[in-house]
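K.L.:
Questions regarding the structure given below will be posed in turn.
The values are calculated or read from the model by the stated rules, or taken from the named source; none is laboratory data. All of these numbers come straight from a predicted model, not from anything done at the bench. In this analysis, Cβ positions are derived from the backbone assuming ideal geometry, glycine residues included, and neighbour counts consider all displayed protein chains.
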C-alpha cells in the first residue's frame, strides 16, 4: 500500500472517529439499546465504494476500537464489532450487485445487517431470548438510519472526486 | 429491475418491523417482575405486593439503582456508560424488558407460573 493511500485511509478514519464522538455527545431520544443514527457510517459506506475490502475492514476496525477507547464503553465494542463485521461482509458482497447510483440501497441493507449482528451478539452475551422483542425496533431504526447515512454518502461521493484522484 | 426487487424486499422487511414494533408495544403488562444478570435470576418481585423502595442491584460489572413505586419498576440510576436502562423509564410492556447491556442486566415481566419456581428457589 502506498503512503498516499495509507494517509488517505487514516484521514477518513479520523473523520469517522470525530463524527462518532460528536454523535456521542448528542442525547439519543430513543431509549432502546442499539438504536442509533450511526453518522460515522457515512464514511464507511463511502469507503466501501471507493476502497478495497481489506482497507475498509482496517478502517472500520480501527474506528471501532478507538471509538470504544474514547467512549469508555467496552461492552459496546463487542456488539458493534459483531454488527460491523456482518454489515461490512454484506455491503462488500452487495457492492457487486448494487452500483454507485443506488448506493443508498446497499446502505439500508448494511444497516439491517449491522443491527442483526448486534442483536446476535446481545443474545449470546445476555442469554435472554426476550431481547429478540427489540428486533422490530432495530429493523425500523436500521432502515431509517441506513437510508439517511446512505443518502449522505451518495451526496458525498461526487464531491470527493478530487480527493479520490489526488 | 433488480433494484425494484431489492427495494420491494426491503419494504417488506421494514413493514414487518413496523408491525412487530406495534405488537411489542401493545403487549399487556404483568405483575411479576424478574431481575436477571445474564442467566442468573437475582430477584423475583410481585409488584402488587412490593412496598415503594429503592435498592441497588450489584452485578460483576457495576451497580444499577432500581426503584419500585406505585406498582411500577424502573432503573433510577446506574453506573453503566450508556444509561439506556435509565432512559427506558418504567417497565411498561411484557414484551419489552429493560436491559442494561453493559451490565448484562435484564428487568422483565414474567408469567406467574414461571415465577413460582423462582420464588420457591
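K.L.:
Can you tell me which of (1) assigned to a strand (DSSP E or B); (2) without any contact (Cβ under 8 Å) to a residue 12 or more places away in the chain; (3) in contact with a helix residue (DSSP H, G or I) (Cβ under 9 Å, 6 or more places away or on another chain) is the one residue B:21 doesn't meet?
P.N.:
(1)
K.L.:
Of the conditions (1) under 17 Å from residue A:138 (Cα atoms); (2) without any contact (Cβ under 8 Å) to a residue 12 or more places away in the chain; (3) buried (at least 16 other Cβ atoms within 10 Å of the Cβ), residue B:6 clears all except one; give me its number.
P.N.:
Of (1) under 17 Å from residue A:138 (Cα atoms); (2) without any contact (Cβ under 8 Å) to a residue 12 or more places away in the chain; (3) buried (at least 16 other Cβ atoms within 10 Å of the Cβ), only one is false for residue B:6: (1).
K.L.:
Spot the failing condition for residue B:102; the list is (1) exposed (fewer than 14 other Cβ atoms within 10 Å of the Cβ); (2) touching a strand residue (DSSP E or B) at 6+ places or on another chain (Cβ under 9 Å); (3) modelled with pLDDT of 85 or more; (4) under 30 Å from residue A:146 (Cα atoms), and only one is missed.
P.N.:
Evaluating residue B:102 over (1) exposed (fewer than 14 other Cβ atoms within 10 Å of the Cβ); (2) touching a strand residue (DSSP E or B) at 6+ places or on another chain (Cβ under 9 Å); (3) modelled with pLDDT of 85 or more; (4) under 30 Å from residue A:146 (Cα atoms) leaves (1) as the failure.
K.L.:
Could you name every one of the strands (runs of 3 or more DSSP E) located completely within the stretch B:51-90 that has at least 3 residues being under 21 Å from residue A:32 (Cα atoms) and modelled with pLDDT of 85 or more?
P.N.:
B:63-69, B:72-78
K.L.:
Just give me the residues in the stretch B:1-16 being under 28 Å from the mean Cα position of the chain (by Cα) and more than 8 Å from every other protein chain (Cβ to nearest Cβ), in sequence order.
P.N.:
B:12, B:15 - these are the residues of the stretch B:1-16 that are under 28 Å from the mean Cα position of the chain (by Cα) and more than 8 Å from every other protein chain (Cβ to nearest Cβ).
K.L.:
Filter the stretch B:36-45 for residues that are part of a strand (DSSP E or B) and either closer than 16 Å to residue B:100 by Cβ or free of Cβ contacts under 8 Å to residues at least 24 places away in the same chain (or both) and give the result.
P.N.:
Of everything in the stretch B:36-45, those that are part of a strand (DSSP E or B) and either closer than 16 Å to residue B:100 by Cβ or free of Cβ contacts under 8 Å to residues at least 24 places away in the same chain (or both) turn out to be B:36, B:37, B:40, B:41, B:42, B:43.
K.L.:
Could you list all residues from the stretch A:116-131 that are closer than 21 Å to residue B:20 by Cα and at the interface with another protein chain (Cβ under 10 Å from one of its Cβ atoms)?
P.N.:
A:118, A:121, A:122, A:128, A:130, A:131
K.L.:
Being modelled with pLDDT of 90 or more, more than 13 Å from the chain's Cα centre (by Cα) and within 13 Å of chain A (Cβ to nearest Cβ) is true for just one of B:19, B:35. Which residue is that?
P.N.:
Testing whether each residue is modelled with pLDDT of 90 or more, more than 13 Å from the chain's Cα centre (by Cα) and within 13 Å of chain A (Cβ to nearest Cβ) leaves just B:19.
K.L.:
Can you pull out every residue in the stretch A:116-136 that is touching a residue at least 40 places away in the same chain (Cβ under 8 Å) and crowded, with 20+ Cβ neighbours inside 10 Å?
P.N.:
If the condition is that a residue be touching a residue at least 40 places away in the same chain (Cβ under 8 Å) and crowded, with 20+ Cβ neighbours inside 10 Å, then A:118, A:119, A:121, A:122, A:134 are the ones that fit.
K.L.:
Could you pull out the residue among B:74, B:53 that is without any contact (Cβ under 8 Å) to a residue 60 or more places away in the chain and surrounded by fewer than 18 Cβ atoms within 10 Å (Cβ to Cβ)?
P.N.:
Criteria check complete, one pass: B:53.
K.L.:
Before we move on, is residue A:29 within 14 Å of chain B (Cβ to nearest Cβ) and either surrounded by 20 or more Cβ atoms within 10 Å (Cβ to Cβ) or without any contact (Cβ under 8 Å) to a residue 40 or more places away in the chain (or both)?
P.N.:
Yes; evaluated as a whole, the condition is true for this residue.
K.L.:
Name every residue in the stretch B:42-63 that is within 14 Å of chain A (Cβ to nearest Cβ) and either more than 27 Å from residue A:72 (Cβ to Cβ) or in contact with a strand residue (DSSP E or B) (Cβ under 8 Å, 6 or more places away or on another chain) (or both), in order of residue number.
P.N.:
B:42, B:59, B:60, B:62
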